[in-house]
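Notes for the one structure printed next.
Please treat every number below as a calculation from the coordinates, not as lab data. Everything quoted here is computed from the prediction, not taken from an experiment. Glycine gets a Cβ as well: all are built from the backbone with ideal geometry, and neighbour counts include every protein chain shown.
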Amino acid sequence: MLPVARLGTPVHYVPGEATASFRISYDREPRSMELVSLGDVWTADDVPTLRAGVRWVHVAPLARSDFPADTLARLARGGRRVSLDGQGLVRAAELGELRLDDAYDPAMLRYVAALKLSEEEAEVLGDPAALPVREVLITHGARGASVYCGGTIEHIRAFEIRSDPTGAGDAFSVAYVAARARGFPPVAAARQATTVVADMLAEAT
């Protein structure tokens, strides 16, 4: 939190009793993940007062229990657009080996303007074009990303960079939201996000 505050970014600290934690193994491909502990549930009352100029909010749950529909509704107040990481839909809130399913609360998507999914998460949810979200983004690792928006599908190419991909999805989401907030249309924002991730991975090699 302190490094973010040093950048001049406003930080609102919400105390909690538990933090989500994972154990990741790279011994086999794809990597395996184990949910060691669940974090506190973010309630609607935990949402801080946001500045009037905030038009986009990105929500990055680690499990399905983190951000219920009521909390997303509070974030979307005042016409704000909510970006959601698909982990918050498909990751079952149970300890042990990470399990994905589609047993999420459909009300959650009522408040989501942009949904980012990995290929694995997209397979669990089915046809991305059928989801009730205007902007659906699917990341394909070294093969780029796909943008589903307004009944069209656009593929964004990327160049393979051999590096630890942990955090690449988060970087993509944040870069996408930042670009959308600056007025970029969805496809252009996805291109910008793909470039940001490539630069990040290149620096890590």
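Which value, in debye to the nearest 20, describes the size of the charge dipole of the chain about its Cα centre when Lys and Arg Cβ atoms bear +1, Asp and Glu Cβ atoms bear -1, and nothing else is charged?
Charge dipole of the chain: 1040 debye, to the nearest 20.
Most exposed first by the Cβ proxy, i.e. fewest other Cβ within 10 Å, how do M33, M200, M108 rank?
Values: M33 14, M200 17, M108 23.
Listing M33, M200, M108 from fewest to most nearby Cβ atoms yields M33, M200, M108.
Taking the Cα centre of segment 1-131 as the origin and placing charges on Cβ (Lys, Arg +1; Asp, Glu -1), which of P48, L109, V124 is farthest toward the positive end of the dipole?
P48
If you put +1 on each Lys and Arg Cβ and -1 on each Asp and Glu Cβ, how big is the dipole of segment 9-82 around its Cα centre, in Debye rounded to 20? Don't skip to the end; give the middle numbers.
On the way: 10 positive and 9 negative charges, 103 e Å.
Using only the charged Cβ atoms, the result is roughly 500 debye.
Which one, L95, M33, V136, is farthest towards the positive end of the dipole of the chain when Lys and Arg carry +1 and Asp and Glu -1 on their Cβ?
V136
Which value in nm describes the separation of the simple spin-label points at D170 and E123, placed 7 Å from the Cα toward the beta carbon?
Using points 7 Å along Cα→Cβ, the separation is 2.4 nm.
In vacuum, with every alpha carbon of segment 1-102 counted as one equal point scatterer, what does the Debye formula give for log10 I(q)/I(0) at q = 0.25 Å⁻¹? Two decimals, please.
-1.37
So what is the relative contact order for the chain, in percent, with contacts set as C-alpha pairs under 8 Å and at least six apart?
Details: 364 pairs, mean separation 27.3, N = 205.
RCO, the chain: 13 percent.
Roughly how many debye, to the nearest 20, is the charge dipole of segment 83-151 about its Cα centre, given +1 on each Lys and Arg Cβ, -1 on each Asp and Glu Cβ, and no other charges? Don't skip to the end; give the middle numbers.
Values: 6 positive and 12 negative charges, 65 e Å.
Computed about the Cα centre, the dipole is about 320 debye.
In the chain, once you exclude exposed chymotrypsin sites (Phe, Trp or Tyr not before Pro) (DSSP loop, at most 12 other Cβ within 10 angstrom), what's the longest stretch remaining? Each step should come with its number before you reach the end.
Details: sites that count: Y13, Y26, F159.
Looking at the chain, 27-158 is the longest stretch - no exposed chymotrypsin sites (Phe, Trp or Tyr not before Pro) with at most 12 other Cβ atoms within 10 Å.
Plugging the Kirkwood radius over Cα pairs into Stokes-Einstein for the chain, at a temperature of 10 °C and a viscosity of 1.306 mPa s, what D comes out in µm²/s?
Working: Rh = 17.8 Å.
Answer from the Stokes-Einstein relation: 89 µm²/s.
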